[in-house]
Amino acid sequence: MPVSAAASAREILTRLHDVMAARSPAQAKLNQVVEIIGEALDSEVCSIYLLREGVLELFATRGLAPEAVHVTKLALGEGLVGTIAEQNEILNLDEAASHPDFAYKPETGEDRYHSFAGVPIVRRERSVGVLAVQHADPRRYADIEIEALQTVAMVLSELIANAGLIDQGGPKDRVQSTATVRTAGQKLVDGMAAGYAVFHQPRVTIEHTVAEDTEAERHRVYAAFDKMREQIDRIAREAEFGVGDEHQEVIATYKMFAYDEGWARRINEAIDSGLTAEAAIERVQQRTRQRMRQIDDPLLADRMHDLEDLSNRLLRIVSGQMGTAAQLGLRQDTILIARNLGPAELLEYDRRRLKGVILEEGSLTAHVTIVARAMGVPVLGRVRDVRRTIAEGDLLLLDVTEGSVLVRPTLPMEEAFDAKLVLRQKRKAAYAALRDLAPQTRDGHRITVMVNAGLRDDVAALDVTGADGIGLFRTEFQFLVSATLPQRERQQRLYREVLDAAGDRPVVFRTVDIGGDKALPYLVSDDAEEENPAMGWRALRLALERDGLMKAQARALLEAAAGRTLNVMFPMVSEAWEFDEAKALFEAQRNWIASRGRRLPNEIRYGAMLEVPSLAYQLDLLLPRVQFLSIGTNDLTQFLFAADRANPKLAERYDWLSTSILRFVKLVSDQARAAGVPVAVCGEMGGRPLEAMALIGLGIERLSITPAAVGPIKAMIRSIDRARLGERMTALLAQPPRDFRGALSEWATGEGVELA
């Protein structure tokens, strides 16, 4: 066996070059290919399956029964081969029959083979076949062998496409209808916009995969890297965002990938194996995509998206196909469509024409989402089959607030959308008029309405909305957008600038809630991968174990708040002693600063997040220790119902207006009020008018919500009579109706409560 993946692939490609150059029929070439690969990898079986008329057909084999060729067929998703093709992923098994998707085809005679490895044959990002090897003895194929198979699969895609052996276009490659379509997605950046569909970039088709001159290909890649890095540096210099520098941190992290020597080295190794520059970049990009599909951690996946974006840019440069929509220029109001975007890609577009973005992928924490929010561009993510439903130039009505896009709308639909947009603008104007009015009920009770924040720029929402302060500043955001652990000085600068911007309004800093589904690449647990990260090594649990991280944050917060009041809150407290340990750590840092004669906060107020239900049964122990309490309804809901809030099948199943949630909140609220401890609700529940009304009826007097929700919540508060609402909530909780939401909505309508 060769000593490296490059050497292994090069040995195979050298032999395949002559096969491809020969004038023999395509079937004869495939027969030779399986012999060459099987011999080079010392595999008793090597088989090629190709996608024909929607099914995978065995086209050539070494080791399986010859009579199975063109007879054995598998549907997409059927058996190991069908699974590889459908999911576009690699399988490497020492015991094939133990895999749940294993399907035995008796005509092949494969029952005496134990090990199995297969890679997809990819053409234009579609799986068009599978290359598989098998061995009688149980063994996993080495990484260098799998990489060699992937390289060969790239060459095969060119051979079989040129020979016309595969389906040239599947149903996902073209728009199926010209009728009006409404498709849903994930709300990433709120807003509404109308415009014409423009795809970010055409696919770069790689026509030649095998290199004639390896050194010439290497020089092409070096030149492309230089040009790409010049582009990124220029974009970073010219980016304008207004106040704050989180977005610059995003661009800095993106630049780090552009200058990553490890990425360049992997492309060079692919060239060493005998691939052209284009094929080498695509080969490494395929590996990145496969890794992305295996990554459960959304933050790490977001960083992989940056690398995907850079790969696309590098591929366009080296191939000379530079025509992205940004380079060609936008000619009219545009809704941009892409699988994903890097932050630099988005910054290249004309902001006067760019009205919205639709992504096939994307997430709330992706770098492109952060930048789009700073630009004020609405973004809808996780929209499936966009190339199947949307054609270039289609009129689109994007409503991220509703989480949907309307494709090729009728005239009445356009008119309804325009009317809704006008109404939205009028409502925004009406809510803006409430900015300087207090959120006070009709019977004179003042409710405190604060905002949640995580960026320095978010503090501007205090002046725009007239909110009472920041009830939850998520300090982890600075950690999530950084390539390395933020130093104490950087943290301190952020916290001081937030306090300066807030002025005399309170800011509640939540200590870092990282780990779980917010893992950091530079802070990895030594433990095995968690099956249930939301309930795992995260938040305060992580911070108490990695106390160096928390000590640095404590010093940064204490020094930033010198001469002011510091409100600090610990997340995911499960037991009272955890709060005691976290507070003791802060107090130790406070004493250390004092011992050096440095200025301290005038007052330190400590609070806890109640997200874990167990803490509700220790309130008699906790409440005497805290100055305030915040109920985090997002995590609390999933813990109470044992329902993952990220699971789409469960997302709508458990209602915040359920008897269980409301009784739980009332239990906590009543005990906190008796102890004289203010309690707030932080989370999405408090930002919805009907749910917020219910919370106020339970005795909650403090809400911390998204800035966009402040206007609607203020309007609702100013239209209710709290005493009458409290009576109604008491009656409903005593005898809960089957449809609690419906009953509460009916009461609100009768009382003239503003819930729009």
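Legend: residue pairs K551/K583; K73/K105; K428/K714; K187/K666; K187/K355; K426/K714, Cα-Cα distance threshold 20 Å; pairs beyond threshold, K187/K666. Separation of the range 684-756 and the range 368-387, taken as the distance between their Cα centroids, equals 32 angstrom. Each principal axis of the Cα cloud of the range 539-620 was evaluated for its coordinate range; sorted largest first, these ranges are 41, 24, 16 Å. For T401, the residues whose modelled amide H falls within less than 5 Å of its own, excluding neighbours fewer than 5 places apart on the same chain, are G191. For N567, nonlocal amide neighbours, meaning residues 5 or more places apart or on other chains whose placed amide H falls under 5 Å from its own, are V507, F509, R605. Projected label points at D436 and F102, each 7 Å from Cα along the beta carbon direction, are separated by 7.6 nanometres. Taking a ≥ b ≥ c as the square roots of the eigenvalues of the Cα gyration tensor of the range 658-756, is the shape rounded (a/c under 1.5), prolate (a/b larger than b/c) or oblate? Note, shape of the range 658-756 comes out oblate. Ordering S660, S311, S98 from the fewest to the most neighbouring beta carbons within 10 Å gives S98, S660, S311. The 3J(HN,Hα) values that the Karplus relation (6.51, -1.76, 1.60; θ = phi - 60°) gives for the range 133-147 are, in residue order, 10, 9, 9, 5, 7, x, 6, 8, 6, 5, 4, 5, 6, 5, 5 Hz. Gly and Pro appear as x. With a simple spin-label model that places each label point 7 Å from the Cα along the Cα-to-Cβ direction, the separation between N634 and R351 comes to 2.7 nm. Going from the residue with the fewest nearby Cβ atoms within 10 Å to the one with the most, D436, D350, D458 rank D436, D350, D458. Peptides 563-569, 208-214 ranked from most to least packed, by the mean per-residue count of other Cβ atoms within 10 Å: 563-569, 208-214. Fully extending the segment from D18 to E727 would add 246.6 nm, taking 0.36 nm per residue of separation and subtracting the current Cα-Cα distance. When the Cα atoms of the range 5-170 are aligned to their principal axes, the ranges along those axes come out at 40, 35, 30 Å in descending order.
Computed from backbone phi, the HN-Hα couplings of the range 688-700 come to 9, x, 5, 5, 5, 4, 4, 4, 5, x, 8, x, 6 Hz, rounded to whole numbers (Karplus: 6.51 cos²θ - 1.76 cosθ + 1.60, θ = phi - 60°; Gly and Pro given as x).
For the pair D670 and Q487, a Förster radius of 30 Å applied to the C-beta separation gives a FRET efficiency near 0.10, rounded to the nearest 0.05. For S660 and E261, the difference between the fully extended length at 0.36 nm per residue and the C-alpha to C-alpha distance is 138.3 nm. FRET efficiency for the K73 to A734 pair, using the beta carbon distance and R₀ = 51 Å, is estimated at 0.20. Extension gain, T749 to E587, is 53.3 nm, computed as 0.36 nm per intervening residue step minus the present C-alpha separation.
Applying both filters, DSSP loop and at most 13 other Cβ atoms within 10 Å, to the chymotrypsin sites (Phe, Trp or Tyr not before Pro) of the range 75-153 gives Y104.
For the range 595-611, backbone phi angles converted through the Karplus equation (6.51, -1.76, 1.60; θ = phi - 60°) give residue-by-residue couplings of 5, 9, x, 8, 6, 10, x, 5, 8, 10, 10, 9, x, 9, 8, 9, 10 Hz, Gly and Pro being listed as x. Neighbour counts of C-beta atoms inside 10 Å place Y495, Y259, Y196 in the sequence Y259, Y196, Y495, starting with the fewest. Between amide H atoms placed 1.01 Å from N, distances below 5 Å from A60 occur with I48, all of them 5 or more places distant or on a separate chain. Calculated FRET efficiency, A416 to Q27, Cβ-Cβ distance, R0 = 56 Å: about 0.45 to the nearest 0.05.
FYI, it's all coordinate maths here, none of it is from the lab. Predicted model only: the values in this text are computed from it and were never measured. In this analysis, Cβ positions are derived from the backbone assuming ideal geometry, glycine residues included, and neighbour counts consider all displayed protein chains.
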